[in-house]
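Colleague: I have a structure here, written as C-alpha cells, and I will follow up with some questions on it.
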Amino acid sequence: MLIPSIGVEEEYQLVDAETGILRPDCKRVMSNLRREPDADIQHELYLNQIEMASSICTTLQEVRDAVAEVRMLLIESAAKTGTALIAAGMNPMPIPEELVVTPNERYEAMSEKYQQIARELLIFGCHIHISIESRELGAQIMKHTQRWLPLLQALTANSPYWDGEDTG
C-alpha cells in the first residue's frame, strides 16, 4: 500500500501591523528571512501577498512542523519591516489605492488581460494536496465527503466586507 504524501500551500496577507491595511512588502519580507526554510516561498499576483508551499510530508506531524516553521520564519521576517503576516481568506479593510502587481511577465499579462477581475482578486487561500493511491479510492473518498460539502462551502464563503464596506 502506498503511503499518502501531503503538501500544504498557504497564501498570507502582508498588512500594516498598526492599521491592518494590505502592504506590498513581499520582496522585503523574503529578503529578511534569517534562513532558508524547508519550503518554497514565492510571490503571488500582488506584492501584498506571500505564498509558501511545504515540503512533501508523510505524516500529519510533519505537516504541522513544516507549516509552523515557515509561519514563524515569515512572521519574524515581516515584523522587521513593520508588517504583520495574516492567514485569512480576505482582508476587510479598504483596498489600497494602488495595488502593486508583482513584476513578473505572467502576473503583468494576467493583470492586463483580466483588468477588474484581477484588481478584485484579493483572496488568500490554503490548499492541501494529498496523494491518493488510485482513482477508485479517490472516488470513494469523495463519496464519503459529500455530506460535509455544505458545511465546507459555508466555511469558505467570502467575507461580508469588501473594500472596507459591509456588503449586506
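Colleague: Roughly speaking, to the nearest percent, how much of the stretch 1-128's 1.4 Å accessible area is carbon and sulfur?
Modeller: Its accessible area is 55 percent carbon and sulfur atoms.
Colleague: Here is a follow-up. In whole Å, what are the Cα extents of the chain along the three principal axes, biggest one first?
Modeller: Taking the Cα atoms of the chain, the three principal extents are 52, 43, 31 Å.
Colleague: Moving on. Between Ser134 and Asp40, take the C-beta separation as r, use R0 = 30 Å, and let me know the FRET efficiency to the nearest 0.05.
Modeller: The calculated FRET efficiency here is 0.60.
Colleague: Which one of Ala79, Ala87, Ala139 has the biggest mean-square fluctuation once the chain is modelled by GNM with Cα springs under 10 Å?
Modeller: Result for the chain, Cα springs under 10 Å: Ala139 fluctuates most.
Colleague: With a 10 Å cut-off between alpha carbons and a GNM built on the chain, which of Met142, Met90, Met52 moves the most?
Modeller: For the chain, modelled as a Gaussian network with Cα springs under 10 Å, the answer is Met142.
Colleague: Hey, what's the Cα Rg ratio for the stretch 11-61 versus the globular rule of thumb, 2.2 N^0.38 Å? Walk me through the numbers on the way to the answer.
Modeller: Details: Rg = 12.7 Å, N = 51, 2.2 N^0.38 = 9.8 Å.
So the stretch 11-61 has a normalised radius of gyration of 1.30.
Colleague: Oh, and also: Which value, in Å² rounded to 10, gives the accessible area of Ser134 with a 1.4 Å probe and all protein chains present?
Modeller: Its heavy atoms expose roughly 40 Å² to the probe.
Colleague: Hey, what number do you get for the chain at 222 nm if only DSSP H runs of n ≥ 4 count, each worth -39500 (n - 2.57), divided across all residues, to the nearest 500?
Modeller: -10000 deg cm²/dmol
Colleague: So what is Rg over Rh here for the stretch 87-168, counting just Cα atoms and using Kirkwood for Rh?
Modeller: Using Cα coordinates only, the ratio equals 1.10.
Colleague: With a 1.4 Å probe and every protein chain left in place, work out the accessible area per residue of the chain in Å², rounded to a whole number. Kindly include the intermediate steps, with their values, before the conclusion.
Modeller: On the way: 11010 Å² over 168 residues.
For the chain, the solvent-accessible area averages 66 Å² per residue.
Colleague: Report the charge-dipole magnitude of the chain in Debye, nearest 20, computed about the Cα centre from +1 at each Lys and Arg Cβ and -1 at each Asp and Glu Cβ.
Modeller: Charge dipole, the chain, about its Cα centre: 360 debye, nearest 20.
Colleague: Moving on. Once Rh for the stretch 1-87 is found with the Kirkwood sum over Cα pairs, what is the Stokes-Einstein diffusion coefficient at 10 °C and 1.306 mPa s, in µm²/s?
Modeller: My calculation gives 120 µm²/s for D.
Colleague: Right, next: Let's test this: bin the Cα-Cα distances of the stretch 76-134 at 10 Å from zero up to the farthest pair and state each bin's percent.
Modeller: In order of increasing distance, the bins hold 16, 35, 34, 12, 3 percent.
Colleague: Near the amide H of Ile21, under 5 Å away, which other amide H atoms are found, from residues 5 or more places off or on another chain, if H is placed in the peptide plane?
Modeller: Excluding prolines and chain starts, which carry no amide H, the hits are Asp16.
Colleague: Mean separation of Cα pairs under 8 Å and 6+ residues apart, divided by the residue count of the chain: what relative contact order is that in percent?
Modeller: On the way: 265 pairs, mean separation 51.3, N = 168.
Relative contact order here is 31 percent.
Colleague: Which distance in nm do the two modelled labels at Leu149 and Asp16 give, with both placed 7 Å along the Cα-to-Cβ direction?
Modeller: About 4.3 nm separates the two model spin labels.
The values are calculated or read from the model by the stated rules, or taken from the named source; none is laboratory data. This one's a predicted model, so the numbers in the text were calculated from it and none came from an experiment. Positions of Cβ are generated from backbone atoms using ideal geometry, with glycine treated the same way; all protein chains shown enter the neighbour counts. Side chains included, ligands, DNA and RNA excluded: accessible areas come from the protein's heavy atoms. Shrake-Rupley method; radii C 1.70, N 1.55, O 1.52, S 1.80 Å.
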